[in-house]
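Student: Have a look at this one before I ask anything.
The values are calculated or read from the model by the stated rules, or taken from the named source; none is laboratory data. Not measured: the values here are computed from a predicted model. Here the Cβ positions follow ideal geometry from the backbone for every residue, glycine too, while neighbour counts run over all protein chains shown.
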Amino acid sequence: MPKGVLFDLDGTLLDSAPDFIVSLNNLLRKHHRPALDPEIIRSHVSDGSWKLVSLGFGIEETHEDCASLREELLVEYAKNSLVYGGAFPGISDVLTSLQHMNIPFGVVTNKPLIFAQPIIENEPAFKHCQTLICPDHLSAIKPDPEGILKGCKNLNIQPEECVYVGDHIKDLQAGLNAGAQVIACYFGYSLEASDHDSNILGASHPRDLTALIQGL
């Protein structure tokens with residue numbers, strides 16, 4: 001059994017899709033653009049805000065307007081964060097089980113600190129989170145292993161004593177690059193079993209995570 005667990009945030013612990021669906025469609029309406037199907041937005045939440053703007057406005061991420069539109073999206077998202085979304089059903093039980101097993105947990109996310117920290121502080125399920133690693137703390141983001149290595153250091157464990165849990169192929173790559181064990185989340189936004197090696201364990205529902213972690 002691992003001595004510590006690190007999680008991705010969006011699509012793993014946090015169902016932020018409802019907040020992003022409202023935020024992006026509000027922005028599209030502001031610019032007199034048609035709203036997007038919520039399921040299309042949901043499937044791209046883990047790809048980040050640049051991708052959501054590209055998707056909504058039909059422009060490349062390198063387009064001259066993309067940066068300013070992304071800033072508008074983030075302003076809108078700040079209004080809606082934790083208003084419509086929250087911890088996935090069952091995640092609170094998983095994190096409580098870790099506490100009972102004396103296994104510390106933390107979060108390593110590509111979400112900027114300005115958005116991630118209020119979520120960790122205000123979502124009751126995350127109250128025992130012992131470390132939060134965001135791009136603000138790093139020189140390189142996932143799939144680079146730097147964040148997971150820093151998270152392990154903060155939990156006072158070695159990477160091989162850690163499991164990293166995420167819902168994006170970059171999460172799995174980052175965990176493996178760090179030398180940690182990994183668990184794939186299929187209940188998130190973008191990952192299926194066919195996306196990764198067959199020897200990687202996967203959770204179809206948050207309730208599956210406790211048994212998978214205990215079995216490592």
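Student: Give ASP167, ASP144 a once-over and let me know the one that is within 25 Å of THR96 (Cβ to Cβ) and in the same structural domain as ILE200 (by TED's automatic domain parsing). Show your work before the answer.
Tutor: On the way: ASP144 fails: within 25 Å of THR96 (Cβ to Cβ).
Step by step, each of ASP167, ASP144 is checked, and only ASP167 is within 25 Å of THR96 (Cβ to Cβ) and in the same structural domain as ILE200 (by TED's automatic domain parsing).
Student: Next up: Which residues, counting only those in region 86-133, are within 20 Å of THR210 (Cβ to Cβ), in contact with a Gly (Cβ under 8 Å, 6 or more places away or on another chain) and of a type outside the set (A, V, I, L, M)?
Tutor: Within region 86-133, PRO104, PHE105, GLY106, GLU123, CYS129, GLN130 qualify.
Student: Looking for whichever is over 14 Å from the mean Cα position of the chain (by Cα), buried (at least 17 other Cβ atoms within 10 Å of the Cβ) and touching a residue at least 40 places away in the same chain (Cβ under 8 Å) here; the options are ALA125, ALA174, ALA87. Which one fits? It would help to see each step written out before you state the result.
Tutor: On the way: ALA174 fails: over 14 Å from the mean Cα position of the chain (by Cα); ALA87 fails: over 14 Å from the mean Cα position of the chain (by Cα).
Testing whether each residue is over 14 Å from the mean Cα position of the chain (by Cα), buried (at least 17 other Cβ atoms within 10 Å of the Cβ) and touching a residue at least 40 places away in the same chain (Cβ under 8 Å) leaves just ALA125.
Student: Restricting attention to region 24-52, report how many residues are under 21 Å from CYS134 (Cβ atoms) and without any contact (Cβ under 8 Å) to a residue 24 or more places away in the chain. Before you say what the answer is, go through the steps one by one.
Tutor: First, pick out the residues of region 24-52 that are under 21 Å from CYS134 (Cβ atoms): 44-52.
Narrowing the set further to residues that are without any contact (Cβ under 8 Å) to a residue 24 or more places away in the chain leaves 50-51.
Number satisfying all stated conditions: 2.
Student: To continue, here is another question. Mind telling me which of the residues LEU113, LEU132, LEU176 ends up being modelled with pLDDT of 95 or more and out of contact with any Leu (no Cβ under 9 Å at 6 or more places or on another chain)?
Tutor: Details: LEU113 fails: out of contact with any Leu (no Cβ under 9 Å at 6 or more places or on another chain); LEU132 fails: out of contact with any Leu (no Cβ under 9 Å at 6 or more places or on another chain).
Just a single option satisfies the conditions, and that option is LEU176.
Student: When region 165-215 is examined, which residues are found to be in a strand (DSSP E or B) and either aliphatic (A, V, I, L, M) or closer than 16 Å to ILE141 by Cα (or both)?
Tutor: Of region 165-215, the ones in a strand (DSSP E or B) are 165-166, 181-185, 201-203.
Residues satisfying the conditions are VAL165, GLY166, VAL182, ILE183, ALA184, LEU201, ALA203.
Student: Test THR12 against the criterion of being surrounded by fewer than 18 Cβ atoms within 10 Å (Cβ to Cβ) and of a type in the set (Ser, Thr, Tyr), and give yes or no. Break it down stepwise before answering.
Tutor: Working: surrounded by fewer than 18 Cβ atoms within 10 Å (Cβ to Cβ): no; of a type in the set (Ser, Thr, Tyr): yes.
No, not satisfied.
Student: Collect the residues in region 135-181 that are touching a Ser or Thr at 6+ places or on another chain (Cβ under 7 Å) and among the hydrophobic types (A, V, I, L, M, F, W, C), keeping them in residue-number order.
Tutor: Here is the first cut: in region 135-181, the residues touching a Ser or Thr at 6+ places or on another chain (Cβ under 7 Å) are 146, 151, 154-155, 165-168.
LEU155, VAL165 - these are the residues of region 135-181 that are touching a Ser or Thr at 6+ places or on another chain (Cβ under 7 Å) and among the hydrophobic types (A, V, I, L, M, F, W, C).
Student: If you don't mind, another one. Out of the residues in region 183-216 that are touching a Gly at 6+ places or on another chain (Cβ under 6 Å) and surrounded by 24 or more Cβ atoms within 10 Å (Cβ to Cβ), which is nearest to ARG42 (Cα to Cα)? So that I can check it myself, show each step before the final result.
Tutor: So in region 183-216, the residues touching a Gly at 6+ places or on another chain (Cβ under 6 Å) come out as 184, 186, 188-189, 193, 206-207.
Next cut, surrounded by 24 or more Cβ atoms within 10 Å (Cβ to Cβ) only: 184, 188.
Details: ALA184: 18, GLY188: 9 Å.
Of everything passing the filter in region 183-216, GLY188 is nearest to ARG42 (Cα to Cα).
Student: Between VAL108, VAL45, VAL83, which is in contact with an Asp or Glu (Cβ under 8 Å, 6 or more places away or on another chain) and at pLDDT below 95?
Tutor: Numbers: VAL108 fails: at pLDDT below 95; VAL83 fails: at pLDDT below 95.
Only one candidate passes the filter, namely VAL45.
Student: Considering only residues that are part of a loop (DSSP other than H, G, I, E, B) and under 14 Å from the mean Cα position of the chain (by Cα), look in region 18-50 and name the one that is farthest from ILE141 (Cα to Cα). Give the derivation first.
Tutor: First, pick out the residues of region 18-50 that are part of a loop (DSSP other than H, G, I, E, B): 31-37, 43-44, 48.
Next cut, under 14 Å from the mean Cα position of the chain (by Cα) only: 43-44, 48.
Working: SER43: 21, HIS44: 18, GLY48: 12 Å.
Among those that are part of a loop (DSSP other than H, G, I, E, B) and under 14 Å from the mean Cα position of the chain (by Cα), it is SER43.
Student: Can you find even one residue in region 68-80 that is touching a Lys or Arg at 6+ places or on another chain (Cβ under 6 Å), modelled with pLDDT of 95 or more and not charged (D, E, K, R)? Steps first, please.
Tutor: Of the residues in region 68-80, the ones touching a Lys or Arg at 6+ places or on another chain (Cβ under 6 Å) are none.
No - not one qualifying residue is present in region 68-80.
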